[in-house]
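The values are calculated or read from the model by the stated rules, or taken from the named source; none is laboratory data. Just so we're clear, the structure is a prediction, and the values are computed from it rather than from any experiment. Cβ placement follows ideal geometry from the backbone for every residue including glycine, while neighbour counts extend to all protein chains displayed. With ligands, DNA and RNA removed, areas are computed over all heavy atoms of the protein, side chains included. Shrake-Rupley method; radii C 1.70, N 1.55, O 1.52, S 1.80 Å.
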Amino acid sequence: MGQESSRVVVLPASRDLKVVGVRLEAKARDGRYAPVARGTRQIAVRVKERNDKVEFSKALDVLDDL
């Protein structure tokens, strides 16, 4: 089973934001990172103006087939 990792990226607030590009990379034994085959996706987002909460409903489902 693979190792899991996460990264938080803060995007500038914009009502015009429609998609977020994601590129997955894997770390090889030599410590270098390389793109994962078919690991680039665009995740559709819906921006709803709120001051207290941000949600991405099922946004990462596009990564299920990797």
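Identify, by number, the condition in (1) among the small types (G, A, S); (2) at pLDDT 75 or above; (3) open to solvent by 100 Å² or more (accessible area, probe 1.4 Å) that A13 doesn't meet.
(2)
Output the number of residues of the stretch 38-48 satisfying the condition of being open to solvent by 70 Å² or more (accessible area, probe 1.4 Å) and under 17 Å from D61 (Cα atoms).
5
How about the stretch 20-37: which of its residues are among the basic types (K, R) and either modelled with pLDDT of 85 or more or surrounded by 11 or more Cβ atoms within 10 Å (Cβ to Cβ) (or both)?
Within the stretch 20-37, K27, R29, R32 meet the criteria.
Is there any pair linking a residue in the stretch 14-31 that is among the hydroxyl-bearing types (S, T, Y) to one that is not in a strand (DSSP E or B), with Cβ under 8 Å and at least six apart or on different chains, and which?
Taking only residues 6 or more apart or on different chains, the pairs are S14/V47.
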